[in-house]
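Here is the structure we will look at, set down as structure tokens.
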Amino acid sequence: MDQPTDHPLATRCTAFMGARKLASGDLADVALCVNAQIASATAPILIFDDATGSQIDIDLRGSTAQIISRLAVWQGPQPEARKRGRPRLGVVAREVTLLPRHWDWLALQPGGASQALRRLVDQARKADEGRTETRLARERAYRFMSALAGDYPGFEAASRALFADDLVALAQETAAWPQDLREHLLTLARPMAQD
């Protein structure tokens with residue numbers, strides 16, 4: 001099922017039956033794989049968004065045709081509706097609330113407020129040095145880990161290692177966990193590359 005990369009069905013995800021990984025890939029492909037496994041499932045099957053670690057809830061009962069028809073109208077989490085801006089250039093207008101002194105300063109900047117704000121955001125992104133991606137990785141891994149391993153031995157110690165950004169300790173604390181679950185957790189705990 002080819003979809004544009006920003007289409008909800010192109011969401012990268014991973015399905016687990018208990019602690020065993022069933023499939024990984026685009027949501028549409030994973031959903032069809034899960035549908036084929038439901039009848040013989042020996043444990044609950046859960047699908048997780050690889051970018052957020054959140055569980056994706058979709059009705060996957062019925063035939064392949066029924067699944068495809070439901071997926072065709074499924075919208076996934078809804079982003080804000082695009083309004084003003086320059087959509088072809090990727091420019092999206094949103095509200096920014098600032099104090100009068102901030103607006104006064106922005107008005108004096110070359111290129112106006114929008115250009116000055118873009119420059120400031122770009123500078124902040126460069127100065128971030130990966131802290132935001134590290135935080136997002138922690139949050140994504142914790143969501144996944146809580147859903148599948150919350151009652152596993154060593155969960156608390158693994159959580160402490162995760163939030164201390166100690167991936168070596170996280171790997172040690174989860175060494176006795178099922179391999180598929182552990183490997184996916186460690187993958188989610190690593191920051192994703194940003195352009």
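Determine the relative contact order of the chain: mean sequence separation of Cα pairs under 8 Å and six or more apart, normalised by residue count, in whole percent.
Computed value for the chain: 18 percent relative contact order.
Kindly identify the chain as rounded, prolate or oblate by the Cα gyration tensor criterion: order the square roots of the eigenvalues as a ≥ b ≥ c, call it rounded if a/c is under 1.5, otherwise compare a/b with b/c, prolate if a/b is larger, else oblate.
Because a/c hits 1.5 or more and a/b fails to exceed b/c, the chain counts as oblate.
Give me the dipole magnitude in Debye, nearest 20, for segment 85-195 about the Cα centre, with unit charges on the beta carbon: positive for Lys and Arg, negative for Asp and Glu.
Here segment 85-195 has a charge dipole of around 640 debye.
From the helices alone, meaning DSSP H stretches of at least four residues, give me the mean residue ellipticity at 222 nm for the chain, per-run term -39500 (n - 2.57), in deg cm²/dmol to the nearest 500.
-14500 deg cm²/dmol
Determine, from the Cβ-Cβ distance of Gln123 and Ala19 and an R0 of 41 Å, the FRET efficiency 1/(1 + (r/R0)^6), rounded to the nearest 0.05.
0.40
Using only alpha carbons, build the gyration tensor for segment 131-189 and give me the equivalent ellipsoid semi-axes, biggest first, whole Å.
They are 17, 11, 10 Å, listed from largest to smallest.
Quick check on packing: order 21-30, 93-102 by the mean number of other C-beta atoms within 10 Å, highest mean leading.
Put in order of decreasing packing, that is 21-30, 93-102.
Is there a quick way to get the dipole size of the chain? I mean about its Cα centre, with the Cβ of Lys and Arg at +1 and of Asp and Glu at -1; what is the value in debye to the nearest 20?
720 debye
Residue by residue, what Karplus-based ³J(HN,Hα) values in Hz, rounded to whole numbers, does segment 51-64 have, using 6.51, -1.76 and 1.60 with θ = phi - 60° and x for Gly and Pro?
7, 10, x, 7, 6, 9, 9, 9, 6, 10, 7, x, 6, 4
Enumerate the amide H contacts of Val92 below 5 Å, restricted to partners 5 or more residues apart or on another chain; note that Pro and chain-start residues carry no placed amide H.
Arg86
With N set to the residue count of segment 8-73, report its C-alpha Rg divided by 2.2 N^0.38 Å to two decimal places.
Scaled against compact globular proteins, the figure is 1.01.
Where a number appears in this text, it was derived from the coordinates with a stated rule and is not lab data. As the structure is a computational prediction, the values presented were derived from the model and not from experiment. So basically every Cβ, Gly included, is an ideal-geometry build from the backbone, and we count neighbours across all protein chains shown.
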